[in-house]
Amino acid sequence: MEADFGQTVFTKLFQLLEPDAQSIKEGFQRCRYKLFKFFAWRYCEDPDNLADETISRLLKNVRGGQEILADNPYSYVYAIASNVFKEYLRAKKKGGVLLDIDEVRETPVAAAVDDCQKQCLEQLSREKRELLARYYLDDDERDAIAQEQGLSLNALRLQVHRIKHGLRRCREDCQKHSMS
Amino acid sequence: MSVSMNAKTDDLITRFLLGELSDEERTRVEERFLADNEFFEEVLSAEDALMDQYLLGQLSDEHRKRAQALFHSSPGQKREAQFTRDLIASVREAHVESSSTASANSDIGNSARAFSFIPPGLKNFLPHFNATGWLVILLGCLALMSCLLYLYSQKKDWEAQRAAVERSSQEAREKLSEEMLNKAELSRQLEIEKEKRAQAEEKAEELAAQMRARKPDKINRPDTITSIILAPTTLERGGNSKTLTLKAETGRVQLQLELDESQRYSQYNISLTTFDGRRVWSRNSMAPSQIKQGRLNLVLPASLLEYEDYKIELKGLSENGDFVHVADYLFKVRR
């Protein structure tokens, strides 16, 4: 009974937070990724755990009867995430742990190429591959590409971001597949 | 907010990512990207662009440090930076491969891209030129273009000449190779002829040798005749039998049989036998014209006669039509 209730709360919460998502799973993943970025963009060392902690508290509070405003459900999420961040900072200060930021490893880029990356690149359409090539090979080309496609530079960046997002997922799947 | 951000928003997002916003501004941006998926995607794409600039070394020192802190703050962020680094490497690697292939087929029209080596930073100098400077640049460009056109036309001429030379060289090579083939064929035929001739000469020599070898036989051929006159005998194996000695070179033997000319017959039969009765030779119906000076001459090959005692019986055709005994002749052959 309690499990059913928990499941219902979970479903309702992510339907509310991500109404455009195709599924509850997708809604959950999108919300989690936003929270991951929320903490990452605050330079947190472990944004994954902090995102999970936020969602955990959110579910707990909703199960406990906390109501979430339908017109702006993320304001409550934001409040919890901010609290989690404050706690993180306090804990960090207590532990005296400094941000351990590695120096950038300027390793030759070609050495880092793996098979999955190549495979995923090959799976892209010719247009997308050419777009990436032009985008990354010559900075000055970007304006020309945007002009040719009738896009603003930001829209072009968005397009490249979407291609990269697809590639990232492809590579993750490929790596999981090769490991299994 | 629409997909196409204005420059102000873009700047705001970049400053947000670099940690340059006030708390208030930051809160606004954070609340917005959490609630607005499109805006979240724009922030993500701005982060991608910032990452590109960072990895390509296009940020100022201050921004590079902040970007470094952002992209190396957590394992997740590092993974994303590494992903972009790999992507750039892959794209460049693929470009190097494709451009090395394409360069083989490239024409002069593509050579304009060769000027892309000019660093983008040089563009910052352009606005400092005055009108004269621009005119000089324009003239320089025109001169360069003329030069390129001239070189291009020269290149075409050279290519045409080179093609013609290559064609004629190819033809010469073909002709030479054809002549060499003919020569080889002629040599081959000559060799065959020489071989044939050698064989013929060898054969001729062999024949000549055989001829030379046969020559003594020819000398010994039965050209020499040994003659003997035989008188009729009445006693068998009589002591008066003559001996005919045959030499190696004796080819023929002439036997002269003495006859009584008072007794003439129209025809004669003659037989030569050994004393054992073996018939060696015979002839019938000999005309009496063969008898000359009281002798009937017979010429026989010497090879018929061996070391033996022989008897010749002569018969004549009588008037009543019977052959009657006329005479016997005895002789010995010795070699």
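A short reminder: the numbers here are calculations on the coordinates, not readings from a lab. Not measured: the values here are computed from a predicted model. Here the Cβ is made from the backbone with ideal geometry for all residues, glycine too, and neighbour counts use every protein chain on show.
About the centre of its Cα atoms, the range B:148-192 shows a dipole size close to 220 debye [charges on the beta carbon of Lys, Arg (+1) and Asp, Glu (-1) only; nearest 20 debye]. Packing here is the average count of other Cβ atoms within 10 Å per residue, and on that basis the peptides B:157-167, A:57-67, B:12-22, highest first, run B:12-22, A:57-67, B:157-167.
Tell me which GluC sites (Glu not before Pro) from the range B:262-335 have a DSSP coil assignment and no more than 15 other beta carbons within 10 Å of their own.
Within the range B:262-335, the qualifying GluC sites (Glu not before Pro) (loop, at most 15 other Cβ atoms within 10 Å) are B:GLU306, B:GLU319.
Could you work out the mean count of beta carbons from other protein chains within 10 Å of each residue's beta carbon in B:320-329?
Values: counts 0, 0, 0, 0, 0, 0, 0, 0, 0, 0.
Taking the mean over all residues of the peptide, I get 0.
Think of each Lys and Arg Cβ as +1 and each Asp and Glu Cβ as -1; about the Cα centre, that makes the dipole of the range B:241-299 roughly 160 debye. Listed by chain and number, the lysines whose C-alpha is less than 28 Å from the C-alpha of B:LYS203, apart from same-chain residues fewer than 8 away, are B:LYS194, B:LYS215, B:LYS218. This model, with +1 at the C-beta of Lys and Arg and -1 at the C-beta of Asp and Glu, gives chain A a dipole about its Cα centre of some 520 debye.
Close Lys pairs in chain A (alpha-carbon distance under 15 Å; sequence gap of 8 or more, or different chains): 7. Bridgeable lysines around B:LYS311 (alpha carbons under 27 Å apart, same-chain partners fewer than 8 residues away excluded): B:LYS242, B:LYS247, B:LYS292, B:LYS332.
Counting, for every residue in B:49-58, the Cβ atoms of other protein chains within 10 Å of its Cβ and taking the mean gives 3.
Dividing the summed helix terms, -39500 (n - 2.57) for each DSSP H run of n ≥ 4, by the number of residues in chain A produces a 222 nm estimate of -23500 deg cm²/dmol to the nearest 500.
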